[in-house]
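The values are calculated or read from the model by the stated rules, or taken from the named source; none is laboratory data. These numbers come from a predicted model, not from an experiment. Here the Cβ is made from the backbone with ideal geometry for all residues, glycine too, and neighbour counts use every protein chain on show. Just the protein is used for accessible areas: all its heavy atoms, side chains included, with ligands, DNA and RNA removed. Shrake-Rupley method; radii C 1.70, N 1.55, O 1.52, S 1.80 Å.
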Amino acid sequence: MNIFSKGLLFLMMSPLFLVGQATALSPQNQSINKNEIKHSFFVGGPNFTGIIGENGEELWDSGKKSARDGYVLKNGNILICWGDEVREYNKKKKVIFTYTRAEKSMELGTAVRLSNGNTMITESGSDPRIVEVNKKGKVVSSIPLKPDTDNVHMQTRMARKLSNGNYLVPHLLAFAVKEYQPDGKVVNVFHTDLEDLGGREAENWPFTAIRLDNGNTLVTLTHGNKAVEFDSNGKVVWKVSNSDLQEAPFVDPCGAQRLPNGNTVIASYGAQKGIKLFELAPDKSMVWNYEGHRVHHFQILTTNGKPIKGTPLK
């Protein structure tokens, strides 16, 4: 068993993980298909930030709502981004890392722990940027962003660092996912206002952008109520929307994750009731869904008791 598996199983089973809670609380609805798929997952949403077990129970509650992004790390710690701060919790629920926005007008959008131990964070504001900070919370690098708008809240969402050292950044009102070099130069753009996606009238605001192992890029289009996959040239090679699904589950989709089996899990952040999180097979059939807490972003942790292997593509 690797360190991730050990850390995750400890996370799910240890009483230390439930500090401040009397029990694993209030099951939330999970719909199970004929193959009995069950997931546990981290959820950051407007009314709950924590971990949901495979039976829909609340395993861990951060105690602070409205998280925007978050990761269960390989060592079992939990890194969470809110609009005003980033925190890392250890297994005893002690905060061991913090980063706070420099100005009240700024918004933090995402936080990712990098392989070198630094943390990558997006900061929207008058000078939007990506920062990398060390373990002490000190900024060690800063990458300027070009969101094409002064609207702080609409400048950017889920940015990720790529294996080549570049950064993949969705810009909502630019209708574009831009790939930046560390010096801030834009070297590639995936346009989401393409005619075959409905043009700008469809309001295909890019939210989460994920570089897949095959080199394609998966993007959720929040107001456009769809998810698309682009090839390296920006051509749409896979698209799914409410027109493909009887349940019409897309309601402002935000977070997404591509699982090792090729399925795609998508969060319908705008859903006030019914399906909040759902899993689609490549043929666009729905194989699992969750109807509990609202979900902004998430991380699938286990499937039928087995930890998800590898770096999460989310």
- Residue by residue through the stretch 193-208, note down the ones that are touching a residue at least 12 places away in the same chain (Cβ under 8 Å) and on the phi < 0 side of the Ramachandran plot. Asp193, Leu194, Asp196, Leu197, Arg200, Ala202, Asn204, Trp205, Pro206, Phe207, Thr208
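If a residue must be of a type in the set (Ser, Thr, Tyr), open to solvent by 20 Å² or more (accessible area, probe 1.4 Å) and part of a strand (DSSP E or B), how many such residues does the stretch 100-113 contain? Don't jump to the end; show me each part of the working.
Just the residues of the stretch 100-113 that are of a type in the set (Ser, Thr, Tyr), to begin with: 100, 105, 110.
Pick out the ones that are also open to solvent by 20 Å² or more (accessible area, probe 1.4 Å) and you get 100, 105.
Narrowing the set further to residues that are part of a strand (DSSP E or B) leaves 100.
So the answer is 1.
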- Task: Collect the residues in the stretch 123-153 that are surrounded by 16 or more Cβ atoms within 10 Å (Cβ to Cβ) and under 19 Å from the mean Cα position of the chain (by Cα), keeping them in residue-number order.
- Result: Glu123, Ser124, Arg129, Ile130, Val131, Glu132
- For the stretch 142-156, the count of residues that are hydrophobic (A, V, I, L, M, F, W, C) and either assigned to a strand (DSSP E or B) or over 9 Å from Pro128 (Cα atoms) (or both) equals 2
- Residue by residue through the stretch 181-194, note down the ones that are surrounded by fewer than 22 Cβ atoms within 10 Å (Cβ to Cβ) and farther than 21 Å from Gly270 by Cβ. Gln181, Pro182, Asp183, Gly184, Lys185, Val186, Val187, Asn188, Val189, His191, Leu194
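Pick out, from the stretch 38-99, the strands (runs of 3 or more DSSP E) lying fully within it that include 1 or more residues that are open to solvent by 40 Å² or more (accessible area, probe 1.4 Å).
Values: elements: 39-44, 49-52, 58-61, 69-72, 78-81, 85-89.
Counting at least 1 such residues, we get 58-61, 85-89.
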- Which strands (runs of 3 or more DSSP E) sit wholly inside the stretch 195-314 and have at least 1 residues that are at pLDDT 95 or above, in contact with a helix residue (DSSP H, G or I) (Cβ under 8 Å, 6 or more places away or on another chain) and open to solvent by 50 Å² or more (accessible area, probe 1.4 Å)? 236-241
